[in-house]
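Data block below; observations after.
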Amino acid sequence: MMLPLLTLFAVFTAPVTQASTPTRAHAVGEEASPRKPKQLTIGAKVPDFSITDLKGRARKLSELRKESKSGIVSLTFWCSFCHSCRDMETRLDEVSREWKGKAWVAAIDSSAGETTEKVDSFAKSKGLTVPILMDATGKVADLFGVKVTTTTVVIDRAGILRYRGQFADGKKAHAEEALTALLAGKPVALAETSHKG
């Protein structure tokens, strides 16, 4: 059915009302947005996300950066039930202790079904002292584009993502090499490696 020309003119010239303007809750980057955040690329500024520690306290990235002299943060995605995590968690625990005060090194659990109580109990049974953070919603994993455990991200003193990939691969200690370079004020030689769980 054809609309009269006058009706068409009225539809296309009607003023935009306040109701047709997107609300702040649906603006890009807002938590209420149904879209996943855009995955960060190497060299991008990392937003000041919030995450929970095993005591249930919310911790912001900015707070973690202040807990080391350098402001450098390394997060390794880990969980209590993955085989590959068992192969590297002892070294991750050692790196956390070795770098204490120089950089903030922690594990982050984004796996579905994990609980703070279960993870805390598992860490104690293994004698792990590395700080463990809980990403129950998976928002932090999505932010970094992480799909498998043992993937590590290293963030420099300015809050820039400088490394993303394997914690280590055989004799190559990728995360430690990134930390060493950043602490020395040098660029990271290998900024990204494949993700293997």
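The values are calculated or read from the model by the stated rules, or taken from the named source; none is laboratory data. As the structure is a computational prediction, the values presented were derived from the model and not from experiment. Using ideal geometry, Cβ is built from the backbone for each residue, glycine included, and neighbour counts are taken over all protein chains shown.
Points to keep in mind about this one:
- Segment 160-170, subset free of Cβ contacts under 8 Å to residues at least 60 places away in the same chain and surrounded by fewer than 17 Cβ atoms within 10 Å (Cβ to Cβ), residue farthest from A107 (Cα to Cα): G170
- Within segment 171-197, residues that are closer than 16 Å to G71 by Cβ have Cβ atoms under 8 Å from residues that are β-branched (V, I, T) and in a loop (DSSP other than H, G, I, E, B) in these pairs: A178/V188; L179/I72; A181/V188; L182/I72; L182/V188; L183/I72, counting only partners at least 6 apart in sequence or on another chain.
- Within segment 110-148, tally of residues that are touching a Cys at 6+ places or on another chain (Cβ under 6 Å) and modelled with pLDDT of 95 or more: 0
- Residue check, G29 modelled with pLDDT of 95 or more, among the small types (G, A, S) and out of contact with any Ser or Thr (no Cβ under 6 Å at 6 or more places or on another chain): no
To keep it simple, each residue is scored yes or no on (1) of a type in the set (D, E, K, R); (2) within 22 Å of A168 (Cβ to Cβ); (3) touching a His at 6+ places or on another chain (Cβ under 7 Å).
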site	(1), (2), (3)
E63	yes, no, no
T76	no, yes, no
S84	no, yes, no
D87	yes, yes, no
R91	yes, yes, no
K102	yes, yes, no
D109	yes, yes, no
G127	no, yes, no
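- Test result for V148, in contact (Cβ under 8 Å) with a residue 24 or more places away in the chain and under 18 Å from the mean Cα position of the chain (by Cα): yes
- Residues in segment 160-197 that are under 20 Å from E89 (Cα atoms), touching a helix residue (DSSP H, G or I) at 6+ places or on another chain (Cβ under 8 Å), charged (D, E, K, R) and at pLDDT 95 or above: 2 in all.
- Residues satisfying the stated conditions in segment 160-197, i.e. among the hydrophobic types (A, V, I, L, M, F, W, C) and in a loop (DSSP other than H, G, I, E, B): F167, A168, A173, A184, V188, A189, L190, A191
- When residues of segment 50-63 are limited to those that are among the small types (G, A, S) and free of Cβ contacts under 8 Å to residues at least 12 places away in the same chain, the one surrounded by the fewest Cβ atoms within 10 Å (Cβ to Cβ): A58
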